[in-house]
Amino acid sequence: MQSDCKPYLRRYYDTTKTRKNNMEVTRIFDLLDYACENYPRPDCLVSKVDGEWKPVSTDEYRRMSTLLAYGLLALGVKKGDKIASVSNNRPEWNFIDMAIAMTGAVHVPVYPTISSNDYDFILNHSEVKFAFISDAIAYRRVSAVKDNIKSLERIFSFNDIEGVESWNAVLELGKQNADKLHKILEMSKAAVDTDDVCSIIYTSGTTGISKGAMLTHKNFTSNAIASCEILGLDHNDKVLSVLPLCHVYERCFIYQYQYLGIGIYYAQNLGTIVQNLCEIKANGVNTVPRVAEKIVEGFIKEGAKFTGEQKELFDKAVALGREWDHDKPDSYYKEIAALDEPVYKHWREDFFGGHIKFFGCGGAAISPNLSRMLWAAGVKVCEGYGLTETSPVVAHASVKNHKFTSVGPVISNEIVKIAEDGEILVKGPNVMKGYYKNPEATAEAIDKDGFFHTGDVGYLSEGNYLHITDRKKEIFKTSSGKYIAPAMIEGKAKESQYISQICMVGENQKFASALISPDFEALKIYLGGIGIDANSLSNSDIAARPEVIALIDDEIQKVNKTIGKVEQIAKFHVVPDVWTADGGELTQTQKLKRKAIATKYKDIIDAIYLQDRASK
């Protein structure tokens with residue numbers, strides 16, 4: 001491996017001028033040659049197979065991707081064709097990602113856990129020609145709708161599934177046609193322009209209808225290279241990849257890691273993150289607040305076992321950690337240092353492997369107390385902010401540029417300005433080309449001056465540090481960074497005769513919940529039908545009856561079966577009020593006043609999530 005370069009020390013304004021050997025990285029597949037030339041390593045991509053870490057070298061990564069590209073050309077893939085992937089994190093995902101890009105086709109990555117309706121819409125809307133799936137579970141979900149996808153010609157599986165074509169068939173086709181297609185592939189690569197679309201990533205809109213963000217090679221390469229400076233890592237390091245590769249945040253970081261020559265190890269699943277961090281002694285990890293929350297919950301559970309002086313030291317470490325800041329008096333840092341050997345060092349070693357340098361966190365706001373505690377323990381959490389449409393990083397903190405109230409400085413090759421109403425606007429080479437087949441939504445999102453309207457509200461401090469204060473959109477994110485578009489789900493729930501109004505909540509929480517204003521007259525009829533005279537009961541009495549709770553639960557479960565797991569309503573509370581415009585819960589056009597409802601029922605909402613934490 002090379003040892004003479006510290007790539008993260010520079011700022012990148014022009015991604016066509018790279019550091020080594022005058023090589024350009026303007027298309028994502030350029031990363032393959034760039035890494036092989038400058039940072040060859042035996043563990044470029046590593047996954048755990050049958051209990052053992054199985055590495056793929058940089059050269060093997062390029063070889064496999066190239067063979068797949070030959071295979072795709074032999075199958076008749078042409079520039080602009082759409083190819084879907086439905087897969088967990090594994091090196092095969094990277095192979096197919098690069099192969100698709102080399103042919104000039106467009107990669108449509110899809111979450112494995114979405115609903116059948118979402119699969120139907122995305123695969124139809126994008127007109128996918130081929131699909132690569134990971135395993136039998138993914139195949140069952142895709143096969144449930146494949147007959148509806150008229151453009152879909154063939155499905156290939158990474159795992160062996162009876163009756164399903166193996167991806168090895170494409171590899172073998174590539175091997176058989178390598179000599180014949182070598183020049184054609186080189187011509188295909190040469191014909192790919194940096195402004196060509198390389199991926200369509202579907203993201204939910206406020207109405208619940210998915211929109212396909214068209215991201216170009218320039219979008220990805222410019223954003224990945226310009227944001228390399230935040231990592232503080234180089235080619236001597238290795239990272240654990242946790243978030244799904246179809247998540248634009250993780251995908252951008254994967255490209256960063258390849259650009260810097262960092263070894264990428266894929267976590268087995270969310271339940272093995274701590275184990276995997278310790279096994280590989282990771283130097284970095286990029287994740288969402290929910291993962292950080294689970295790790296800190298591990299600290300607290302461990303501390304609950306202590307007694308005596310050990311317990312006192314632990315409790316003091318937790319209390320002091322929650323007060324951490326960068327401008328405390330020296331006496332505070334001396335107390336922190338005194339607690340390092342007995343407490344903090346063990347947190348770093350037992351939960352992170354003892355070698356962590358970078359802990360990135362995005363997708364949703366992380367709890368300040370949690371972030372401060374990790375910093376006190378020497379795990380320097382760096383928040384970031386971005387959107388699918390911005391490829392995604394707009395701003396990101398680094399260890400050297402960190403403020404607890406900010407999501408970090410704006411990335412160097414972007415322009416951020418704040419509109420008169422406080423909305424954050426972004427312009428730069430990272431902004432998407434537009435929404436696929438949706439010029440109206442594109443025109444609404446990107447103004448005539450090229451600024452993307454994020455729908456988030458915030459401000460800039462010290463000229464460059466971005467702060468997020470509110471969201472204009474109704475869409476909210478859970479603490480795992482997953483978007484939820486409530487309007488569509490609420491609309492489904494209101495199809496029930498027993499639910500008059502429903503308001504979903506759960507911003508930055510582990511799961512979505514709902515407040516429900518029922519149709520009390522319908523409930524009285526229902527109760528009468530099961531032998532309960534409800535005419536003399538108050539609304540409060542009706543809302544609290546176990547028969548009503550069970551009935552509403554049945555109605556909610558009907559909705560949950562039609563949507564993805566992340567969107568499902570995990571808990572609900574039936575309120576005793578009829579929501580009206582006069583009461584302040586609805587507008588004159590009968591739309592929810594979400595903030596007013598959240599304020600009115602704050603205690604109930606708090607109790608829902610406090611009860612969940614108390615049960616852990």
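The values are calculated or read from the model by the stated rules, or taken from the named source; none is laboratory data. What you see is a predicted model; the values in this text were computed from it and never measured. Virtual Cβ from ideal backbone geometry, glycine too; neighbours counted across all protein chains shown.
So for segment 123-142 (the condition being modelled with pLDDT of 95 or more, of a type in the set (A, V, I, L, M) and more than 22 Å from the chain's Cα centre (by Cα)), does at least one residue qualify?
The answer is yes; a qualifying residue exists.
With the condition kept exactly as written, say whether any residue in segment 405-412 is of a type outside the set (Val, Ile, Thr), over 29 Å from GLU293 (Cβ atoms) and modelled with pLDDT under 95.
Within segment 405-412, one or more residues are of a type outside the set (Val, Ile, Thr), over 29 Å from GLU293 (Cβ atoms) and modelled with pLDDT under 95.
Is it true that some residue in segment 550-571 is buried (at least 16 other Cβ atoms within 10 Å of the Cβ), at pLDDT 90 or above and farther than 30 Å from SER210 by Cα?
yes
Looking at ASP33, ASP50, ASP14, can you tell me which residue is at pLDDT 95 or above and among the acidic types (Asp, Glu)?
ASP33
Could we say that ALA441 is closer than 17 Å to ILE468 by Cα and surrounded by fewer than 18 Cβ atoms within 10 Å (Cβ to Cβ) here?
No, not satisfied.
Somewhere in segment 219-241, is a residue among the charged types (D, E, K, R) and free of Cβ contacts under 8 Å to residues at least 24 places away in the same chain?
No, there is no match, as no residue in segment 219-241 is among the charged types (D, E, K, R) and free of Cβ contacts under 8 Å to residues at least 24 places away in the same chain.
Looking at segment 328-373, which of its residues are assigned to a loop (DSSP other than H, G, I, E, B) and over 25 Å from ILE264 (Cα atoms)?
LYS328, PRO329, LEU339, ALA365, SER367
Could you grab me the full set of residues in segment 217-234 that are touching a strand residue (DSSP E or B) at 6+ places or on another chain (Cβ under 6 Å), in a helix (DSSP H, G or I) and within 17 Å of TYR385 (Cβ to Cβ)?
Result: ASN223, ILE230.
Condition first: small (Gly, Ala, Ser) and either part of a helix (DSSP H, G or I) or in contact with a His (Cβ under 8 Å, 6 or more places away or on another chain) (or both). Now tell me which residues in segment 274-296 satisfy that.
Result: ALA282, ALA292.
Check ASP43 against each of (1) in contact with a Gly (Cβ under 6 Å, 6 or more places away or on another chain); (2) part of a helix (DSSP H, G or I) and name the one condition it does not meet.
The failed condition is (2).
When you go through (1) farther than 30 Å from SER115 by Cα; (2) surrounded by 20 or more Cβ atoms within 10 Å (Cβ to Cβ) one by one for GLU250, which number turns out not to apply?
Only one criterion is unmet by GLU250, namely (1).
When GLU555 is evaluated against the numbered criteria (1) among the acidic types (Asp, Glu); (2) closer than 16 Å to VAL578 by Cβ; (3) in contact with a strand residue (DSSP E or B) (Cβ under 8 Å, 6 or more places away or on another chain), which criterion, by number, is the only one it fails?
Among (1) among the acidic types (Asp, Glu); (2) closer than 16 Å to VAL578 by Cβ; (3) in contact with a strand residue (DSSP E or B) (Cβ under 8 Å, 6 or more places away or on another chain), GLU555 violates only (2).
Identify, please: which residue in segment 513-522 is modelled with pLDDT of 95 or more and aliphatic (A, V, I, L, M) and is, among those, farthest from SER480 (Cα to Cα)?
ILE516
Among the residues of segment 413-445, which ones are within 22 Å of LYS477 (Cβ to Cβ), within 23 Å of the chain's Cα centre (by Cα) and not in a loop (DSSP other than H, G, I, E, B)?
Residues satisfying the conditions are VAL416, GLU423, ILE424, LEU425, VAL426, TYR435, ALA441, ALA445.
Taking only pairs six or more apart or across chains, which ones have beta-carbon atoms under 6 Å, a first residue in segment 342-355 that is closer than 15 Å to VAL285 by Cα, and a second residue that is charged (D, E, K, R)?
Taking only residues 6 or more apart or on different chains, the pairs are GLY353/LYS281; GLY354/ARG348; HIS355/LYS281.
Within the bounds of segment 259-267, is there any residue that is in a helix (DSSP H, G or I), under 19 Å from GLY481 (Cβ atoms), of a type outside the set (Val, Ile, Thr) and modelled with pLDDT of 95 or more?
No, segment 259-267 has no match at all.
Surrounded by fewer than 22 Cβ atoms within 10 Å (Cβ to Cβ), at pLDDT 95 or above and more than 19 Å from LYS510 (Cβ to Cβ), is that true of GLU279?
It is true that GLU279 is surrounded by fewer than 22 Cβ atoms within 10 Å (Cβ to Cβ), at pLDDT 95 or above and more than 19 Å from LYS510 (Cβ to Cβ).
At least 3 residues that are touching a Pro at 6+ places or on another chain (Cβ under 7 Å) in each: list the helices (runs of 4 or more DSSP H) lying fully within segment 495-560 that qualify.
Output list reads 539-544.
When you look at MET214, is it out of contact with any His (no Cβ under 9 Å at 6 or more places or on another chain) and surrounded by fewer than 16 Cβ atoms within 10 Å (Cβ to Cβ), yes or no?
So MET214 does not fit the description; no.
Which of the residues belonging to segment 558-569 are without any contact (Cβ under 8 Å) to a residue 60 or more places away in the chain and either closer than 15 Å to LEU515 by Cα or in contact with a Lys or Arg (Cβ under 9 Å, 6 or more places away or on another chain) (or both)?
Result: GLN568, single match.
Determine if segment 97-111 includes at least one residue that is surrounded by fewer than 24 Cβ atoms within 10 Å (Cβ to Cβ), at pLDDT below 95 and either of a type outside the set (D, E, K, R) or closer than 25 Å to TYR257 by Cβ (or both).
Within segment 97-111, one or more residues are surrounded by fewer than 24 Cβ atoms within 10 Å (Cβ to Cβ), at pLDDT below 95 and either of a type outside the set (D, E, K, R) or closer than 25 Å to TYR257 by Cβ (or both).
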